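The block underneath contains the structure these notes are about, expressed in structure tokens.
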Amino acid sequence: MDVSQQFSAVILSASALCVLLWMILIGFASIRLDEFRQRMFAIRDGLFDYARSGNIGFDQPAYKLLRKSMNGFIRYGHRLSFFQLVITFCRWHYTDDQPVFSWRAQWEDALSKVSDEKVRKDLMKIQAESMGVVFGRVILGSPVLMVAMAGIGIALLCRDGWKSTRDFRRVSAEKTFKLFSIDTDRLEDEALRVAA
């Protein structure tokens, strides 16, 4: 192999590596964001259909708050990464730019105004489903969180022997968030702030 063939091979390899890196860093991130937003749109549409079928009024505080939260996550989705969360939490910790923590109080107050127990449970299930999508967005975007969740998952399997895959993923994700001190109420607060 002469020098020109070696040079051509190096150029082709470098070009292929650049395309691969672009696909991984830019293309895949864009696809993940689109997938996150699409899943959140689907949950929001399900909430709309639930209200349209007469289960809850469109003017009810629980419906409005849940919809506003999902809209905020749709807008805020590009900032839902472990790195961005660390930066945001550090900013809150070291500056006076503290968020107003009102999600939990507003949500519990709105749920208390829903008289039908089945509707209240359905709304809690929809909210949990939307947070599951948020968990997936944050965890699957960070190799550190993926490894931590895998470790927690293995520990849970060894300890409890899980029967439900959905519960297993949810509990593993929640424990991973707790391990890294990621407060889901703060995420909800930020989503409400962005949606306002």
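The values are calculated or read from the model by the stated rules, or taken from the named source; none is laboratory data. Quick caveat: nothing in here was measured; it's all calculated off a predicted structure. No Cβ is skipped: glycine too gets one built from the backbone with ideal geometry, and neighbour counts run over all protein chains shown.
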Practice problem: Could you list all residues from region 106-163 that are of a type in the set (S, T, N, Q) and without any contact (Cβ under 8 Å) to a residue 12 or more places away in the chain? | Solution: Ser112, Ser115
Quiz item: What about Ser115, is it surrounded by fewer than 14 Cβ atoms within 10 Å (Cβ to Cβ) and modelled with pLDDT under 90?
Solution: yes
Practice problem: Of the numbered conditions (1) under 16 Å from the mean Cα position of the chain (by Cα); (2) assigned to a helix (DSSP H, G or I), Ser181 fails exactly one; give the number of that condition. | Solution: (2)
Practice problem: Within region 58-87, work out how many residues are modelled with pLDDT of 90 or more and in a loop (DSSP other than H, G, I, E, B). | Solution: 3
Quiz item: In region 88-111, what count of residues is obtained for those that are in a helix (DSSP H, G or I) and either crowded, with 17+ Cβ neighbours inside 10 Å or modelled with pLDDT under 80 (or both)?
Solution: 12
Quiz item: Within the set of pairs 6 or more residues apart or between chains, which connect a residue that is closer than 12 Å to Asn71 by Cα and part of a helix (DSSP H, G or I) inside region 39-50 to a residue that is among the small types (Gly, Ala, Ser) and modelled with pLDDT under 95 with Cβ atoms less than 7 Å apart?
Solution: Met40/Ser130; Ile43/Ser130
